[in-house]
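Only one structure is covered here, and it is reproduced in the block below.
The values are calculated or read from the model by the stated rules, or taken from the named source; none is laboratory data. Note that the structure is a prediction, hence the values are computed from the model and not measured. All Cβ positions, glycine included, derive from the backbone under ideal geometry; neighbour counts span all protein chains shown.
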Amino acid sequence: MSDENTHTTEPATAAGGLNLSEAMPGASIGDVLLGGQAEDTSARRMREPKPADKHGWWWAVGRRKNAIARVRMRLAPEGKGGLKIQKTRKTFKTIEEYFSEKQDQSDCYAPLKATGTEHTMEIFVRVHGGGHTGQAQAIRLGIARALRDYDPTFEDVLRQNGYLTVDARRVERKKYGQPGARKRFQFSKR
């Protein structure tokens with residue numbers, strides 16, 4: 001056996017040849033090099049809660065594909081919370097009336113269920129563009145952002161469930177010389 005292929009596992013040593021496990025039990029090399037003041041990188045800095053506007057609303061925008069959802073949210077009076085789609089200035093639809101698919105309906109309510117604020121918030125959404133699924137996911141992102149602005153402690157729960165992550169997937173463009181993005185015209189040998 002040659003010396004190049006042999007590996008020995010020795011305990012980590014800090015500057016000056018000191019054995020880490022003897023010098024500071026439970027410490028890492030970063031702790032020793034930084035003088036015992038290594039920062040905890042797992043904890044995210046808590047953002048400040050955004051104050052509501054002068055009428056008591058928190059505003060947020062969610063986007064998915066070509067769908068744009070403008071969300072406004074406020075604390076509801078005594079259990080009268082709900083989620084409504086604003087069609088015109090005076091006409092509203094519930095989520096169940098607006099979306100026929102159960103998946104789209106549950107997408108809209110998902111951030112509220114994750115944070116336990118289903119009946120405590122009154123939410124109005126203006127949405128346009130895109131299709132049903134894109135609109136539902138835009139609403140989900142907008143509601144999650146509004147909840148994060150209302151109470152920053154919700155951010156970890158919302159981020160773990162993926163409600164604050166923007167889905168950047170878009171439709172791939174059509175290329176010249178072929179009928180679609182990936183589709184090819186039929187190849188003829190003869």
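Could you tell me whether any residue of segment 96-114 is touching a Leu at 6+ places or on another chain (Cβ under 9 Å) and loosely packed, with under 14 Cβ neighbours inside 10 Å?
There is no residue in segment 96-114 that is touching a Leu at 6+ places or on another chain (Cβ under 9 Å) and loosely packed, with under 14 Cβ neighbours inside 10 Å.
Does at least one position in segment 115-132 carry a residue that is outside any loop (DSSP other than H, G, I, E, B), more than 24 Å from Trp57 (Cα to Cα), modelled with pLDDT of 95 or more and under 19 Å from the mean Cα position of the chain (by Cα)?
Within segment 115-132 (the criterion being outside any loop (DSSP other than H, G, I, E, B), more than 24 Å from Trp57 (Cα to Cα), modelled with pLDDT of 95 or more and under 19 Å from the mean Cα position of the chain (by Cα)), the answer is no, since none of the residues qualifies.
Just one of Ile68, Ile95, Ile85 is over 20 Å from Phe154 (Cα atoms), touching a residue at least 60 places away in the same chain (Cβ under 8 Å) and of a type outside the set (Phe, Trp, Tyr); which is it?
Ile68
Among the residues of segment 96-112, which ones are in contact with a His (Cβ under 7 Å, 6 or more places away or on another chain) and part of a loop (DSSP other than H, G, I, E, B)?
Once the filter is applied, which keeps residues that are in contact with a His (Cβ under 7 Å, 6 or more places away or on another chain) and part of a loop (DSSP other than H, G, I, E, B), segment 96-112 yields Phe99, Glu101.
Give the residue that is nearest to Gly62 (Cα to Cα), with candidates limited to residues of segment 152-171 that are surrounded by 14 or more Cβ atoms within 10 Å (Cβ to Cβ) and free of Cβ contacts under 8 Å to residues at least 24 places away in the same chain.
Leu164
Consider Ala136 carefully, then state whether it is in contact with a strand residue (DSSP E or B) (Cβ under 7 Å, 6 or more places away or on another chain), buried (at least 20 other Cβ atoms within 10 Å of the Cβ) and either under 13 Å from Ala114 (Cβ atoms) or of a type outside the set (Phe, Trp, Tyr) (or both).
no
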